[in-house]
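The structure appears right after this line, and notes come after that.
The values are calculated or read from the model by the stated rules, or taken from the named source; none is laboratory data. Computed from a predicted structure; not experimentally measured. A quick note on method: Cβ atoms are made from the backbone with ideal geometry, for glycine too, and the neighbour counts reach across all protein chains shown.
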Amino acid sequence: MPISLADRVNSISPSQTIAMNEGARRLASEGKDVIDLTLGEPDFPTPEPILEAAIKALREGHTRYTSVAGIPELREAICAKLRRENGLEYSPEAIVVSCGAKQSLSLLIQALVGPGDEVVIPAPCWVSYVDMVKLAEGRPVVLPTLAEKGYRLQAEALEAAIGPRTKALILCSPSNPTGAVYSREELAALVEVLDRHPQVFLISDEVYERIDFSGQGASPASFPSLAGRCAVVNGVSKAYAMTGFRLGYLAADPRLASACAKLQGQSTTCAAGVSQRAALAALGSDPRLVADMVAAYARRRDLVVSRLEALPGLRVFRPEGAFYAFPEVRGLAAWKAAPEGRRSAAISSLLLEKALVATVPGSAFGDDSGLRLSFATSEARLEAALDRISRVLA
């Protein structure tokens, strides 16, 4: 019997990040030594105090449903974190705890975007933004950014992109995939544009906030003129090496937060109780747990950038945060010879086949000129991967 799928399924694309990761796993299952630089997942173990809190939660019976928006203690801790680290004032009623920052983003887009509404997304951008907007029956307006401008959206480009159907702007700082970080001054220029268009909401993806090598990062929610029309998304996956705990959160106007909780109540109900207790421990943990990991990422960043800069045909933007490099590869002969729209995929396929190094093509992020390499792996593995890449590209 034929199955007729809904149009919404056909309107979105599979994640190329996951596809490349699965390709790497397939080769590894054949006994090949594949170095996987695809996933945005810390290679560090979850810190011991957080694991102990999770074990304690299990033993104490925190294995049942919680309130949809999250346990009160965690929502209070999130408010305290936002106040202490970001200078943001939110009440617990403004917080919704979800099954990862990804779900928090999805809830916000579902709550805000309707059929035909436009959402401005600077590219290169995380792979899921565009498809989340499509699932909400909105229209993604993807704006290219340039390496020479630090892969940051410029005020004049934002102004030109805003139209009568523009509903929201999504910003990610530090950025996945480029590692770009918006300074307060750069955000101020964008906020000035948004002040002229009060109908445009801002969704600020700050899940890499703690992995900031520049020290210049700021939250757009700290600008008074955006009060009530800026939502912050964050989580514990990246900073605390807790990807498998699936725990994120959003902070927004209480009316919007209530709408997001309403949607969540009809989907996942709530985040896992054990994960919430672990996140509570993470937010109250010694800052050195994160600082040590960030210092390691900075060393890896320097290693990867220096090695990539030595390769002919590549142009390298120095990441200011997160744990990704996004070199431009359009100077390579293989890139120029590939079909338009498939050029970065051709380079990724070449590296996987000939170097046994898995990367993600820039086309997955809306920019076919580059590749994303995750440096959330050991320096030894990174050195080995770069040795292989050097031999193949030579």
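Conditions first: (1) under 24 Å from Gln16 (Cα atoms); (2) buried (at least 19 other Cβ atoms within 10 Å of the Cβ). Ser390 passes all but one, so which condition is the exception?
The number of the failed condition is (2).
For residues that are acidic (Asp, Glu) and surrounded by fewer than 22 Cβ atoms within 10 Å (Cβ to Cβ), scanning just segment 14-39, find the one that is farthest from the chain's Cα centre (by Cα).
Step one: filter segment 14-39 for residues acidic (Asp, Glu), giving 22, 30, 33, 36.
Narrowing the set further to residues that are surrounded by fewer than 22 Cβ atoms within 10 Å (Cβ to Cβ) leaves 22, 30, 33.
Details: Glu22: 20, Glu30: 31, Asp33: 28 Å.
Taking the candidates together, the pick is Glu30.
A quick yes/no check of all residues on (1) within 19 Å of the chain's Cα centre (by Cα); (2) at pLDDT 95 or above; (3) surrounded by fewer than 23 Cβ atoms within 10 Å (Cβ to Cβ):
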site	(1), (2), (3)
Tyr182	yes, yes, no
Arg196	no, yes, yes
Gly228	no, no, yes
Arg255	no, yes, yes
Ala259	no, yes, yes
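How many residues does segment 318-367 hold that are assigned to a loop (DSSP other than H, G, I, E, B), buried (at least 20 other Cβ atoms within 10 Å of the Cβ) and among the charged types (D, E, K, R)?
Of the residues in segment 318-367, 2 are assigned to a loop (DSSP other than H, G, I, E, B), buried (at least 20 other Cβ atoms within 10 Å of the Cβ) and among the charged types (D, E, K, R).
Return only the number of the condition from (1) assigned by TED's automatic domain parsing to the domain that holds Pro174; (2) surrounded by fewer than 19 Cβ atoms within 10 Å (Cβ to Cβ) that Gly217 does not satisfy.
If we test Gly217 against (1) assigned by TED's automatic domain parsing to the domain that holds Pro174; (2) surrounded by fewer than 19 Cβ atoms within 10 Å (Cβ to Cβ), just (2) comes out false.
Being closer than 20 Å to Asn86 by Cα, in the same structural domain as Val113 (by TED's automatic domain parsing) and either touching a Lys or Arg at 6+ places or on another chain (Cβ under 7 Å) or surrounded by fewer than 23 Cβ atoms within 10 Å (Cβ to Cβ) (or both): is that true of Ala188 here?
Yes.
Picking from Gly138, Gly163, which residue would you name as being in contact with an Asp or Glu (Cβ under 8 Å, 6 or more places away or on another chain), farther than 22 Å from Glu320 by Cα and surrounded by fewer than 17 Cβ atoms within 10 Å (Cβ to Cβ)?
Gly163
Can you pull out every residue in segment 263-275 that is surrounded by 15 or more Cβ atoms within 10 Å (Cβ to Cβ) and assigned to a helix (DSSP H, G or I)?
Matches in segment 263-275: Leu263, Gln264, Gly273, Val274, Ser275.
Going by what's in this entry, would Ile109 be described as of a type outside the set (Ser, Thr, Tyr) and under 19 Å from the mean Cα position of the chain (by Cα)?
yes
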